[in-house]
Amino acid sequence: MTENTPKQRIFKIGSTKIVADESMRDLSNEAVRDLLKRTYHEVANATIREQEEDDMIVLTFFPIAGRKG
């Protein structure tokens, strides 16, 4: 990959992996959270960890345990 080519982003929610497509390329991590929380409710308050693996950026959403009721 060249210096100007953006790295591929992967979003991990539990055992689910979502590969960012063109519609997500320019979105910030918080904008992606807003997009994903409609389908994955646990993302709404999750902690995000970002790490680089090879030529990819992996964002992992860790849900925060909360009270029931």
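Values in this text are rule-based calculations from the coordinates and carry no lab data. Since the model is a prediction, treat every value here as computed from it, not as a measurement. Glycine also receives a Cβ, built like all others from the backbone with ideal geometry; neighbour counts cover every protein chain displayed.
Only beta bridges with both residues in the chain are counted; by DSSP, about 65 percent of them are antiparallel. With a Förster radius of 30 Å applied to the C-beta separation of V19 and H41, the computed FRET efficiency comes to 0.90.
Once C-alpha pairs closer than 8 Å and six or more residues apart are averaged by separation and normalised to the residue number of the chain, the relative contact order reads 36 percent. The loop-placed trypsin sites (Lys or Arg not before Pro) in segment 4-69, going by DSSP, that have at most 14 neighbouring Cβ atoms within 10 Å of their Cβ come out as K7, R25, R38, R67, K68.
Principal semi-axes of the equivalent ellipsoid, √(5λ) from the alpha carbon gyration tensor of the chain, are 25, 13, 9 Å from largest down.
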